[in-house]
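Chemist: Next up is a structure, given as structure tokens.
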Amino acid sequence: MKLTSLLVLILFYQAFFNPCPMAQSAQGYELQNMGEYLEHVSAIDVSFIGGGSAGIFSYFVTGTETVDSKETWRVDTTFGKFGAIESFTIWVDKATGETIQAKVGDQVFQDALAEAYGNLTLSSFNGYFFAYWSAMTYQELLQYEKDGEGITTPLGKQVSTYGPTTLETWGIRYEGLFKGNDTYIIKVWYAPTQFGGVTPSLILTKSTGTSVYIELRLESITLVQAQEVPADFLELVEPEPEPEPEPEPEPEPEPEPEPEPEPEPEPEPEPEPEPEPEPEPEPEPEPDEEESSEIPGYTLLSSLIGVSIVTLILARLRAHSGLSGLKLRVSATMLILSGPLSR
């Protein structure tokens, strides 16, 4: 019975890996034992298309059990091409990562046959998924560009949910040589983690020569610890802006020469005191109308003299003439009186 089961297992192993066109190209990136992944991922469900076929791979840690005094993870696995899906349970030693027991249907195997089922699980996961994930990480594709093999185009960041887990992912497209002389186009969405990384989506195509189309898609994943994006990856995809160079200090201006002190102005000579103006002579009081600049009493005296002369003249004239003498008397009187009045 054991020999029959082993032969069936070997045939199944060979049939399962024939459709994997990139298995050889991705060598060098495989897990060494399932324990390396079970420490970080307690459940995973992925699907694939490639080589003209499609299939799935999944495992789920159902608990821990002691087998032959060893602490183990009990893991239910399901994988294979559609139409040839296989399911069994393995017990993986936590200390070594080796499979120490397997159960297929109602049959339980230990020792070498149990390890063969464990290796089949590990090889299936490596050949169809993990090796691709490791060979086509965001960092690896950037390195191809640095080596002059092709050109990368960042696709930005997405936050997506896969079963019970939400992951931060970054996309990148690469076109160029990959593992040889053929040109491929690779589009990857990559979720960096503290234990390496997970690739929720990977599409690889080659149109020259023999055409190739491979698509891997993460359906669900359960992490033992929440995703922690490594700081070096963040620096890679979100580099801090280079600090602007500090401007060179401007040369300090030469100090201007201090202006020579202006000579103090000579004191202006004190102005000579203006001579005091001579006092204006007080105006002489104007004489009253009755007063005159002539000799006092002159007017009255001249009037009396004038009257006396007029009287004498009139007396004589009266003696010689009648009425005509009267006219002459008046005229003479006016003449005499006009003298004093005109002064």
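Chemist: Mind telling me which of the residues Tyr174, Tyr132 ends up being hydroxyl-bearing (Ser, Thr, Tyr) and within 28 Å of Met34 (Cα to Cα)?
Modeler: Exactly one of Tyr174, Tyr132 is hydroxyl-bearing (Ser, Thr, Tyr) and within 28 Å of Met34 (Cα to Cα), namely Tyr132.
Chemist: Among what's in region 35-80 and is of a type outside the set (Gly, Ala, Ser), open to solvent by less than 10 Å² (accessible area, probe 1.4 Å) and not in a strand (DSSP E or B), pick the residue that is nearest to Ala191 (Cα to Cα).
Modeler: The qualifying residue nearest to Ala191 (Cα to Cα) is Tyr37.
Chemist: Considering only residues that are of a type in the set (Ser, Thr, Tyr), out of contact with any Phe, Trp or Tyr (no Cβ under 6 Å at 6 or more places or on another chain) and within 17 Å of Val237 (Cβ to Cβ), which ones fall in region 183-222?
Modeler: Scanning region 183-222 gives a single hit, Thr193.
Chemist: Pairs, please: C-beta under 8 Å, at least 6 apart or cross-chain, first residue more than 20 Å from Gly196 (Cα to Cα) and open to solvent by 60 Å² or more (accessible area, probe 1.4 Å) and in region 145-170, second not in a strand (DSSP E or B) and not β-branched (Val, Ile, Thr)?
Modeler: Partner pairs satisfying both residue conditions: Glu149/Phe178; Ile151/Glu145.
Chemist: Report yes if Glu30 is under 24 Å from Val224 (Cβ atoms), at pLDDT 95 or above and open to solvent by 50 Å² or more (accessible area, probe 1.4 Å), otherwise no.
Modeler: no
This table checks each residue for (1) in a loop (DSSP other than H, G, I, E, B); (2) at positive phi; (3) under 35 Å from the mean Cα position of the chain (by Cα).
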site	(1), (2), (3)
Thr199	no, no, yes
Leu202	no, no, yes
Tyr213	no, no, no
Ala226	yes, no, yes
Pro251	yes, no, yes
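Chemist: Then there is this: Give region 130-144 a look and list any residue that's surrounded by 16 or more Cβ atoms within 10 Å (Cβ to Cβ), assigned to a helix (DSSP H, G or I) and in contact (Cβ under 8 Å) with a residue 40 or more places away in the chain, or say none.
Modeler: Listed by number, the residues that qualify are Phe130, Ala131, Tyr132, Trp133, Ser134, Ala135, Tyr138, Leu141, Leu142.
Chemist: Go through region 81-97 and give me each residue that's surrounded by 16 or more Cβ atoms within 10 Å (Cβ to Cβ), in contact with a Phe, Trp or Tyr (Cβ under 8 Å, 6 or more places away or on another chain) and among the β-branched types (Val, Ile, Thr).
Modeler: Passing the criteria: Ile90, Val92.
Chemist: Yes or no: region 90-112 includes at least one residue that is over 50 Å from the mean Cα position of the chain (by Cα) and part of a helix (DSSP H, G or I).
Modeler: yes
Chemist: Against the conditions (1) under 30 Å from Asn33 (Cβ atoms); (2) at pLDDT below 90; (3) of a type in the set (Asp, Glu), where does Asp182 fall short? Just the number, please.
Modeler: (1)
Chemist: Hey, another quick one. Quick check: anything in region 229-252 within 19 Å of Ala43 (Cα to Cα) and of a type outside the set (Lys, Arg)?
Modeler: no
The values are calculated or read from the model by the stated rules, or taken from the named source; none is laboratory data. Being a predicted model, the structure only gives us computed values, none of them experimental. Note that we place each Cβ from the backbone using ideal geometry, even for glycine, and neighbour counts take in every protein chain shown. In case anyone asks, the SASA skips ligands and DNA or RNA and just uses the protein heavy atoms, side chains included. Shrake-Rupley method; radii C 1.70, N 1.55, O 1.52, S 1.80 Å.
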